[in-house]
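The values are calculated or read from the model by the stated rules, or taken from the named source; none is laboratory data. Please read all numbers here as calculations on a predicted model, not as lab measurements. So basically every Cβ, Gly included, is an ideal-geometry build from the backbone, and we count neighbours across all protein chains shown.
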Amino acid sequence: MNDLLRALTHVVGAPQLLADADAMAPYLTDWRGRYSGSALAVVRPADTGEVAEIVRVCARAGVAMVPQGGNTGLCGGATPLQAGRSVVISLSRLNRVRAVDAANNTLVAEAGCTLVAVQEAAAAADRLFPLSLASEGSCEIGGNLSTNAGGVHVLRYGNMRELTLGLEVVLPDGRVWEGLRALRKDNTGYDLKQLFIGAEGTLGIITAAVLKLFPRPRARATAWVAVADPEAAVTLLGRLRMVCGDRVAAFEIIGRSALELVLKHIPGARAPLADEPEWAVLVELADTAEDAGLDALLEHELGAALEAGLALDAALAANLSQAQALWALRENISEAQRIEGVSIKHDISVPVSRIPEFLARAGALLRAAWPEVRVVAFGHIGDGNLHYNLSRPDAQDNARFIATTPEVNRVVHDLVHELGGSISAEHGLGQLKREEVTRYKPALELELMRAVKNSLDPRGLMNPGKVI
């Protein structure tokens, strides 16, 4: 091991190699505190060349590598295994925005750029990079790519697959694939970048990407709307899209239990309506024209929804500050849950039309088996992605409930599969769902995935124990 550490130190310099337990600790535990692992060292390269040399050193030594960005993942995908003999490669120092091409609506960012830094670089060129996540101040582009992040604006702009034109990737043998093409049309063979997006670092290490930019919205309208039920929410979404088209930038559903946790744990959080509904949606319209009349349009459509019985009440943001306060309620749900304690979390997707059926049937099945279950449901109803989290309010009861995770997962995931959905919509598989996915993926798909893995990483050194 001393030879390995000396070789890695030669690549990055002594200050950028961490081998002391206390120094490594922040890199060895995931954001939720669910997974903790061990590592021979943590290395912090400064550029793609150093990443490539680190990979070559580790490959020669037969040592596994775990790429890590902002360490905000929710499935243990960036955490080394407990018994693993691995090196954690932190990409956080690869944090340059290499280029912005406003005329081509593209930006080249290194993997360690935080999402907010990319958003700011786009805004400086009067453009928009639309990916938006609650963790955008700390999550990094490499991790967003490796998990195919979605967020609140997938409805209008798509997830990271749709937002990426090219990649630079260090392969498992240390070679660098330079695929930073800023083209919308390139029909010259397999679209190789799609292999690495969503692969969670199991096929190679993404070091940079060409990202799509868009015209920057100059007008927004935001409202918190109490709805009669999830079916009314889906109907309201359809009506808004018929009238407003692509100006519907976000459409989020929030269950009352989720809002209650935010009001309980997040300082300064205030309920937007006098009565907390069982279900609410957070709607945002956006347009590039300053005089788009979005406030009047949204007010008119919500008035029609009230008359039709789809909406029960609504609060329209009168200014930016009020809009930000409404969004803070949505964005702080995960933090409030973390403060509240451990829960059984699901990141699922089903066709939008089947969301009401999923919520009704899943709730009934779970309450039949666990009568005191607390359902905290929220998410991106506009693209069919729900965060469906389960717990009990009492800590002791909750500990016993968490022990039933396999049985709870079977209820939820079997129903998701029956409805034509996915057990992982945007968080990836990581360690959390690596075995679970084999129950639902067709055998041929798993065979093809293993064939790709074996072709690119035959020794299994890239982020072992994740995905497949």
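In table form, for the structure just shown:
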{"quantity": "Residue check for A59: surrounded by fewer than 21 Cβ atoms within 10 Å (Cβ to Cβ), of a type in the set (A, V, I, L, M), touching a residue at least 60 places away in the same chain (Cβ under 8 Å) and assigned by TED's automatic domain parsing to the domain that holds K185", "calculated": "no"}
{"quantity": "Single residue of L273, L259, L240, L285 found to be crowded, with 23+ Cβ neighbours inside 10 Å, in contact (Cβ under 8 Å) with a residue 24 or more places away in the chain and farther than 17 Å from L320 by Cβ", "calculated": "L259"}
{"quantity": "Helices (runs of 4 or more DSSP H) contained entirely in the stretch 116-174, each with at least 1 residues that are without any contact (Cβ under 8 Å) to a residue 60 or more places away in the chain, surrounded by fewer than 21 Cβ atoms within 10 Å (Cβ to Cβ) and among the basic types (K, R)", "calculated": "160-163"}
{"quantity": "Residue list for the stretch 333-387, filter: in a loop (DSSP other than H, G, I, E, B) and in contact (Cβ under 8 Å) with a residue 60 or more places away in the chain", "calculated": "V342, K345, H346, V350, P351"}
{"quantity": "Whichever residue in the stretch 310-352 is over 15 Å from W224 (Cα atoms) and of a type in the set (D, E, K, R) and, among such residues, is farthest from the chain's Cα centre (by Cα)", "calculated": "E340"}
{"quantity": "Count - residues of the stretch 360-386 that are surrounded by fewer than 22 Cβ atoms within 10 Å (Cβ to Cβ), closer than 16 Å to G255 by Cα and either touching a strand residue (DSSP E or B) at 6+ places or on another chain (Cβ under 9 Å) or among the charged types (D, E, K, R) (or both)", "calculated": "5"}
{"quantity": "Close pairs (9 angstrom Cβ cut-off, 6 or more residues apart or separate chains): over 25 Å from D347 (Cβ atoms) in the stretch 69-97, of a type in the set (S, T, Y) anywhere", "calculated": "A83/S38; R85/S38; S86/S38; L94/T48; L94/T207; N95/T114"}
{"quantity": "The one condition in (1) β-branched (V, I, T); (2) in contact with a strand residue (DSSP E or B) (Cβ under 9 Å, 6 or more places away or on another chain); (3) more than 24 Å from T202 (Cβ to Cβ) that V411 fails to fulfil", "calculated": "(2)"}
{"quantity": "Some residue of the stretch 350-372 being among the charged types (D, E, K, R), in contact with a Ser or Thr (Cβ under 8 Å, 6 or more places away or on another chain) and either over 22 Å from L429 (Cα atoms) or in the same structural domain as N398 (by TED's automatic domain parsing) (or both)", "calculated": "no"}
